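These notes concern the structure reproduced below.
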Ligand code: HEC
(Lines give C-alpha, C1' and ligand atoms only; values in the text may rest on other atoms or scores of the structure.)
Protein backbone atom coordinates (compact mmCIF):
# COMPACT_ATOMS: atom_id res chain seq x y z
CA UNK A 1 0.00 0.00 0.00
CA UNK A 2 1.30 3.36 -0.88
CA UNK A 3 -0.36 6.52 0.12
CA UNK A 4 1.27 9.75 -0.70
CA UNK A 5 0.58 12.85 1.28
CA UNK A 6 1.67 16.31 0.28
CA UNK A 7 1.77 19.30 2.50
CA UNK A 8 2.13 22.73 1.05
CA UNK A 9 3.19 25.36 3.51
CA UNK A 10 0.49 27.60 2.14
CA UNK A 11 -2.21 25.25 3.39
CA UNK A 12 -0.49 24.07 6.54
CA UNK A 13 -1.95 26.97 8.47
CA UNK A 14 -5.43 25.59 7.94
CA UNK A 15 -5.83 23.31 10.93
CA UNK A 16 -6.62 20.46 8.66
CA UNK A 17 -9.22 18.01 9.78
CA UNK A 18 -9.83 17.03 6.19
CA UNK A 19 -8.43 13.60 5.61
CA UNK A 20 -8.88 12.89 1.98
CA UNK A 21 -8.21 9.73 0.10
CA UNK A 22 -8.24 10.09 -3.61
CA UNK A 23 -7.76 7.33 -6.14
CA UNK A 24 -4.68 8.04 -8.17
CA UNK A 25 -5.45 7.81 -11.84
CA UNK A 26 -2.05 6.51 -12.77
CA UNK A 27 1.56 6.52 -11.74
CA UNK A 28 2.08 9.26 -9.25
CA UNK A 29 5.52 10.14 -10.56
CA UNK A 30 4.52 11.47 -13.90
CA UNK A 31 0.88 12.45 -13.57
CA UNK A 32 -0.34 15.71 -12.23
CA UNK A 33 -3.59 15.13 -10.35
CA UNK A 34 -5.15 18.33 -9.11
CA UNK A 35 -6.81 18.05 -5.69
CA UNK A 36 -7.57 21.09 -3.54
CA UNK A 37 -5.62 23.04 -6.12
CA UNK A 38 -2.46 21.09 -5.31
CA UNK A 39 -0.92 19.12 -8.13
CA UNK A 40 1.35 16.22 -7.43
CA UNK A 41 4.71 17.95 -7.53
CA UNK A 42 6.82 16.41 -10.28
CA UNK A 43 9.88 14.45 -9.23
CA UNK A 44 8.91 14.15 -5.56
CA UNK A 45 10.22 10.58 -5.40
CA UNK A 46 13.71 12.00 -6.00
CA UNK A 47 13.53 14.40 -3.06
CA UNK A 48 15.72 13.92 -0.03
CA UNK A 49 14.74 12.05 3.08
CA UNK A 50 13.59 14.07 6.08
CA UNK A 51 12.61 11.15 8.27
CA UNK A 52 10.67 7.92 8.66
CA UNK A 53 7.80 6.86 10.91
CA UNK A 54 5.52 3.98 11.74
CA UNK A 55 1.86 4.08 12.70
CA UNK A 56 0.17 1.19 14.41
CA UNK A 57 -3.56 0.91 15.08
CA UNK A 58 -5.89 1.16 12.12
CA UNK A 59 -3.26 2.86 9.96
CA UNK A 60 -0.60 0.16 10.34
CA UNK A 61 1.79 1.84 7.96
CA UNK A 62 5.28 3.03 7.24
CA UNK A 63 5.90 6.62 6.33
CA UNK A 64 8.86 8.13 4.58
CA UNK A 65 8.83 11.90 4.62
CA UNK A 66 10.67 13.59 1.77
CA UNK A 67 11.32 17.26 1.21
CA UNK A 68 12.12 19.43 -1.79
CA UNK A 69 15.31 21.54 -1.68
CA UNK A 70 13.62 24.38 0.19
CA UNK A 71 12.21 21.98 2.78
CA UNK A 72 15.47 20.13 3.39
CA UNK A 73 17.38 23.36 3.83
CA UNK A 74 14.84 24.69 6.32
CA UNK A 75 14.80 21.43 8.29
CA UNK A 76 18.57 21.28 8.52
CA UNK A 77 18.83 24.89 9.60
CA UNK A 78 15.97 24.37 12.03
CA UNK A 79 14.34 27.58 10.83
CA UNK A 80 10.63 28.29 11.27
CA UNK A 81 8.31 29.14 9.67
CA UNK A 82 9.01 27.09 6.56
CA UNK A 83 9.65 29.42 3.63
CA UNK A 84 7.33 29.76 0.66
CA UNK A 85 7.93 27.00 -1.82
CA UNK A 86 8.50 24.38 0.85
CA UNK A 87 6.92 21.09 -0.12
CA UNK A 88 6.91 18.02 2.09
CA UNK A 89 5.70 14.67 0.82
CA UNK A 90 4.76 11.76 3.06
CA UNK A 91 4.84 8.39 1.31
CA UNK A 92 2.83 5.77 3.12
CA UNK A 93 3.28 2.04 2.73
CA UNK A 94 1.69 -0.90 4.43
CA UNK A 95 3.78 -2.61 7.10
CA UNK A 96 4.31 -6.28 6.35
CA UNK A 97 6.58 -8.94 7.82
CA UNK A 98 9.55 -10.01 5.70
CA UNK A 99 10.05 -13.75 5.77
CA UNK A 100 13.18 -13.32 3.70
CA UNK A 101 14.80 -11.05 6.28
CA UNK A 102 13.50 -12.99 9.27
CA UNK A 103 15.19 -16.09 7.96
CA UNK A 104 18.65 -14.54 8.19
CA UNK A 105 18.01 -12.87 11.53
CA UNK A 106 16.61 -16.13 12.88
CA UNK A 107 13.70 -14.24 14.46
CA UNK A 108 10.35 -12.83 13.34
CA UNK A 109 11.48 -9.21 13.66
CA UNK A 110 11.72 -7.59 10.26
CA UNK A 111 9.04 -5.45 8.62
CA UNK A 112 9.19 -3.85 5.19
CA UNK A 113 6.85 -1.84 2.97
CA UNK A 114 4.18 -3.98 1.32
CA UNK A 115 2.91 -3.79 -2.23
CA UNK A 116 1.81 -0.47 -3.53
CA UNK A 117 -1.81 0.60 -3.45
CA UNK A 118 -2.57 3.52 -5.69
CA UNK A 119 -4.19 5.85 -3.25
CA UNK A 120 -3.06 9.29 -2.30
CA UNK A 121 -3.71 10.94 1.03
CA UNK A 122 -3.39 14.66 1.28
CA UNK A 123 -3.00 17.09 4.09
CA UNK A 124 -3.87 15.39 7.31
CA UNK A 125 -1.38 12.60 7.27
CA UNK A 126 1.32 14.97 6.25
CA UNK A 127 0.50 17.34 9.08
CA UNK A 128 0.49 14.54 11.60
CA UNK A 129 3.64 12.94 10.33
CA UNK A 130 5.55 16.14 10.06
CA UNK A 131 4.68 17.07 13.60
CA UNK A 132 6.87 14.35 14.98
CA UNK A 133 9.83 14.02 12.69
CA UNK A 134 13.34 14.51 13.88
CA UNK A 135 15.84 15.74 11.36
CA UNK A 136 18.97 13.68 11.29
CA UNK A 137 22.22 15.28 10.35
CA UNK A 138 24.92 13.12 8.86
CA UNK A 139 28.00 12.81 10.99
CA UNK A 140 30.66 14.70 9.07
CA UNK A 141 33.48 13.83 11.40
CA UNK A 142 35.57 10.76 11.86
CA UNK A 143 36.72 10.31 8.29
CA UNK A 144 39.79 8.22 7.81
CA UNK A 145 40.86 9.53 4.42
CA UNK A 146 43.52 7.63 2.59
CA UNK A 147 43.41 4.56 4.75
CA UNK A 148 43.44 1.60 2.43
CA UNK A 149 41.90 -1.58 3.72
CA UNK A 150 42.07 -4.74 1.67
CA UNK A 151 38.46 -5.78 2.14
CA UNK A 152 36.49 -3.24 4.07
CA UNK A 153 35.49 0.33 3.35
CA UNK A 154 37.06 2.73 5.82
CA UNK A 155 35.89 6.15 4.66
CA UNK A 156 32.36 7.48 4.80
CA UNK A 157 31.12 8.14 1.26
CA UNK A 158 30.51 11.90 1.23
CA UNK A 159 27.02 13.31 0.78
CA UNK A 160 25.19 10.05 1.46
CA UNK A 161 22.51 11.80 3.50
CA UNK A 162 21.43 13.58 0.29
CA UNK A 163 20.96 10.35 -1.66
CA UNK A 164 17.57 9.14 -2.74
CA UNK A 165 15.32 6.78 -0.83
CA UNK A 166 15.22 3.10 -1.79
CA UNK A 167 13.02 1.93 1.06
CA UNK A 168 12.35 1.84 4.78
CA UNK A 169 12.21 -0.99 7.31
CA UNK A 170 11.56 -1.74 10.94
CA UNK A 171 13.61 -4.22 12.95
CA UNK A 172 12.31 -5.49 16.27
CA UNK A 173 14.34 -7.63 18.67
CA UNK A 174 17.76 -6.53 19.78
CA UNK A 175 18.14 -4.12 16.87
CA UNK A 176 14.88 -2.32 17.76
CA UNK A 177 15.15 0.49 15.25
CA UNK A 178 13.47 2.12 12.27
CA UNK A 179 15.65 2.41 9.21
CA UNK A 180 16.00 3.85 5.75
CA UNK A 181 18.02 2.59 2.82
CA UNK A 182 19.32 5.21 0.38
CA UNK A 183 21.20 4.83 -2.89
CA UNK A 184 23.62 6.97 -4.87
CA UNK A 185 22.67 7.71 -8.51
CA UNK A 186 23.93 4.35 -9.80
CA UNK A 187 22.15 2.51 -7.00
CA UNK A 188 18.82 4.25 -7.54
CA UNK A 189 18.94 3.76 -11.30
CA UNK A 190 19.67 0.05 -10.97
CA UNK A 191 16.94 -0.43 -8.37
CA UNK A 192 14.38 1.35 -10.52
CA UNK A 193 15.33 -0.56 -13.64
CA UNK A 194 15.46 -3.80 -11.70
CA UNK A 195 18.79 -4.65 -13.29
CA UNK A 196 21.17 -7.11 -11.74
CA UNK A 197 24.01 -7.23 -10.94
CA UNK A 198 24.37 -3.69 -9.60
CA UNK A 199 26.83 -1.67 -11.68
CA UNK A 200 30.31 -0.67 -10.53
CA UNK A 201 30.17 2.43 -8.38
CA UNK A 202 26.84 1.58 -6.77
CA UNK A 203 26.73 2.58 -3.11
CA UNK A 204 23.86 1.69 -0.81
CA UNK A 205 23.62 3.06 2.70
CA UNK A 206 21.48 1.89 5.59
CA UNK A 207 20.79 4.48 8.27
CA UNK A 208 18.79 3.71 11.40
CA UNK A 209 17.24 5.51 14.33
CA UNK A 210 15.86 4.66 17.69
CA UNK A 211 12.16 3.61 17.37
CA UNK A 212 10.54 6.20 19.58
CA UNK A 213 6.91 6.55 20.56
CA UNK A 214 5.64 10.02 19.64
CA UNK A 215 3.52 11.58 22.35
CA UNK A 216 2.94 14.58 20.09
CA UNK A 217 1.50 12.44 17.32
CA UNK A 218 -0.47 10.19 19.68
CA UNK A 219 -2.16 13.21 21.23
CA UNK A 220 -3.27 14.35 17.78
CA UNK A 221 -4.61 10.89 16.89
CA UNK A 222 -6.44 10.83 20.22
CA UNK A 223 -8.10 14.17 19.50
CA UNK A 224 -9.18 13.08 16.04
CA UNK A 225 -10.25 9.59 17.04
CA UNK A 226 -11.12 9.24 20.75
CA UNK A 227 -11.17 5.44 20.37
CA UNK A 228 -7.41 5.58 19.87
CA UNK A 229 -6.76 7.42 23.15
CA UNK A 230 -4.57 5.40 25.49
CA UNK A 231 -3.31 3.25 22.60
CA UNK A 232 0.00 4.71 21.55
CA UNK A 233 0.25 4.15 17.82
CA UNK A 234 2.74 6.57 16.38
CA UNK A 235 6.46 5.92 16.26
CA UNK A 236 9.09 8.22 14.83
CA UNK A 237 12.81 8.26 14.29
CA UNK A 238 14.69 9.23 17.44
CA UNK A 239 18.46 9.61 17.72
CA UNK A 240 20.66 7.65 15.28
CA UNK A 241 21.14 4.03 16.33
CA UNK A 242 22.98 0.87 15.25
CA UNK A 243 25.53 2.76 13.16
CA UNK A 244 25.50 3.66 9.49
CA UNK A 245 26.18 0.79 7.10
CA UNK A 246 27.40 0.93 3.52
CA UNK A 247 27.80 -1.48 0.63
CA UNK A 248 30.12 -0.24 -2.12
CA UNK A 249 30.26 -2.07 -5.45
CA UNK A 250 33.76 -2.57 -6.84
CA UNK A 251 34.08 -6.06 -8.27
CA UNK A 252 37.85 -6.04 -8.41
CA UNK A 253 38.67 -4.46 -5.11
CA UNK A 254 36.12 -6.46 -3.16
CA UNK A 255 36.22 -9.63 -5.22
CA UNK A 256 36.44 -11.82 -2.12
CA UNK A 257 33.13 -10.50 -0.75
CA UNK A 258 30.83 -10.73 -3.74
CA UNK A 259 32.14 -7.52 -5.32
CA UNK A 260 30.80 -5.44 -2.42
CA UNK A 261 32.84 -3.57 0.15
CA UNK A 262 31.10 -3.47 3.52
CA UNK A 263 31.40 -0.70 6.07
CA UNK A 264 29.88 0.34 9.33
CA UNK A 265 30.47 3.60 11.15
CA UNK A 266 29.45 4.21 14.73
CA UNK A 267 29.46 7.92 15.57
CA UNK A 268 31.60 8.42 12.48
CA UNK A 269 34.19 5.82 13.48
CA UNK A 270 34.72 2.63 11.47
CA UNK A 271 33.56 -0.53 13.23
CA UNK A 272 36.23 -3.09 14.00
CA UNK A 273 36.98 -6.07 11.81
CA UNK A 274 35.13 -8.47 14.04
CA UNK A 275 31.90 -6.68 13.17
CA UNK A 276 32.72 -6.30 9.47
CA UNK A 277 33.46 -9.99 9.12
CA UNK A 278 29.81 -10.78 9.83
CA UNK A 279 28.40 -8.72 6.91
CA UNK A 280 29.17 -10.78 3.86
CA UNK A 281 28.33 -14.22 5.29
CA UNK A 282 24.84 -13.03 6.15
CA UNK A 283 24.29 -11.08 2.93
CA UNK A 284 25.19 -14.24 1.02
CA UNK A 285 21.69 -15.43 1.82
CA UNK A 286 20.47 -13.01 -0.84
CA UNK A 287 23.08 -13.78 -3.48
CA UNK A 288 20.31 -14.18 -6.06
CA UNK A 289 19.67 -10.41 -5.83
CA UNK A 290 23.35 -9.50 -5.87
CA UNK A 291 23.55 -9.62 -2.04
CA UNK A 292 21.06 -6.78 -1.56
CA UNK A 293 18.00 -7.52 0.59
CA UNK A 294 16.09 -4.27 0.23
CA UNK A 295 13.63 -3.93 -2.64
CA UNK A 296 12.76 -0.55 -4.07
CA UNK A 297 9.59 0.97 -2.56
CA UNK A 298 7.84 2.83 -5.39
C1 LIG B 1 22.26 -11.40 10.29
C2 LIG B 1 22.31 -10.96 8.92
C3 LIG B 1 22.97 -9.66 8.56
C4 LIG B 1 24.22 -9.19 8.95
C5 LIG B 1 25.23 -9.83 9.86
C6 LIG B 1 24.39 -7.91 8.27
N7 LIG B 1 23.30 -7.62 7.51
FE8 LIG B 1 23.06 -5.99 6.34
N9 LIG B 1 21.12 -6.49 6.08
C10 LIG B 1 20.52 -7.65 6.48
C11 LIG B 1 19.12 -7.62 6.13
C12 LIG B 1 18.11 -8.72 6.38
C13 LIG B 1 18.91 -6.40 5.51
C14 LIG B 1 17.58 -5.86 4.98
C15 LIG B 1 16.63 -5.50 6.07
C16 LIG B 1 17.14 -4.48 7.01
O17 LIG B 1 17.67 -3.42 6.58
O18 LIG B 1 17.05 -4.71 8.21
C19 LIG B 1 20.19 -5.71 5.47
C20 LIG B 1 20.39 -4.50 4.87
C21 LIG B 1 21.64 -3.93 4.66
C22 LIG B 1 21.91 -2.80 3.79
C23 LIG B 1 20.92 -2.15 2.85
C24 LIG B 1 20.97 -2.93 1.52
C25 LIG B 1 20.36 -4.32 1.62
O26 LIG B 1 21.06 -5.32 1.43
O27 LIG B 1 19.16 -4.41 1.93
C28 LIG B 1 23.24 -2.51 3.92
C29 LIG B 1 23.99 -1.41 3.22
C30 LIG B 1 23.79 -3.45 4.84
N31 LIG B 1 22.80 -4.32 5.28
C32 LIG B 1 25.12 -3.49 5.22
C33 LIG B 1 25.62 -4.38 6.16
C34 LIG B 1 26.93 -4.28 6.74
C35 LIG B 1 27.97 -3.25 6.38
C36 LIG B 1 27.03 -5.29 7.63
C37 LIG B 1 28.20 -5.63 8.52
C38 LIG B 1 28.68 -4.60 9.40
C39 LIG B 1 25.78 -6.02 7.61
N40 LIG B 1 24.95 -5.45 6.71
C41 LIG B 1 25.53 -7.14 8.39
C42 LIG B 1 21.13 -8.69 7.10
C43 LIG B 1 22.40 -8.65 7.67
Out of all the residues in the stretch 234-251, is one or more in a helix (DSSP H, G or I), at negative phi, away from the ligand (no atom under 11 Å from the Cβ) and over 23 Å from the mean Cα position of the chain (by Cα)?
no
How many residues of the stretch 149-161 are surrounded by fewer than 21 Cβ atoms within 10 Å (Cβ to Cβ) and within 25 Å of residue 76 (Cβ to Cβ)? The answer is 6
Residue 256 without any contact (Cβ under 8 Å) to a residue 60 or more places away in the chain and either in a helix (DSSP H, G or I) or over 22 Å from residue 168 (Cα atoms) (or both)
no
For the stretch 258-282, enumerate the residues that are on the phi < 0 side of the Ramachandran plot, more than 6 Å from the ligand (Cβ to nearest atom) and crowded, with 20+ Cβ neighbours inside 10 Å.
260, 261, 265, 270
The lone exception for residue 191 - which of (1) assigned to a helix (DSSP H, G or I); (2) under 20 Å from residue 49 (Cα atoms); (3) more than 13 Å from the ligand (Cβ to nearest atom) it fails:
(3)
Residues 29, 46: which one is over 22 Å from residue 214 (Cα atoms) and modelled with pLDDT of 50 or more?
46
Could you tell me whether residue 196 is over 27 Å from residue 235 (Cβ atoms), at pLDDT 95 or above and either crowded, with 16+ Cβ neighbours inside 10 Å or within 13 Å of the ligand (Cβ to nearest atom) (or both)?
yes
Scan the stretch 263-298 residue by residue and report those that are closer than 30 Å to residue 44 by Cα and in a strand (DSSP E or B).
263, 264, 265
Determine whether residue 137 is surrounded by fewer than 19 Cβ atoms within 10 Å (Cβ to Cβ) and at pLDDT below 50.
yes
Considering (1) away from the ligand (no atom under 14 Å from the Cβ); (2) at pLDDT 95 or above; (3) within 23 Å of residue 93 (Cβ to Cβ), say which one residue 293 fails and leave the rest.
(1)
Can you report the number of residues in the stretch 162-185 which are more than 13 Å from the ligand (Cβ to nearest atom) and either without any contact (Cβ under 8 Å) to a residue 40 or more places away in the chain or buried (at least 21 other Cβ atoms within 10 Å of the Cβ) (or both)?
1
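The values are calculated or read from the model by the stated rules, or taken from the named source; none is laboratory data. What you see is a predicted model; the values in this text were computed from it and never measured. Every residue, glycine as well, gets a Cβ built from its backbone with ideal geometry; the counts of neighbours run over all protein chains shown.
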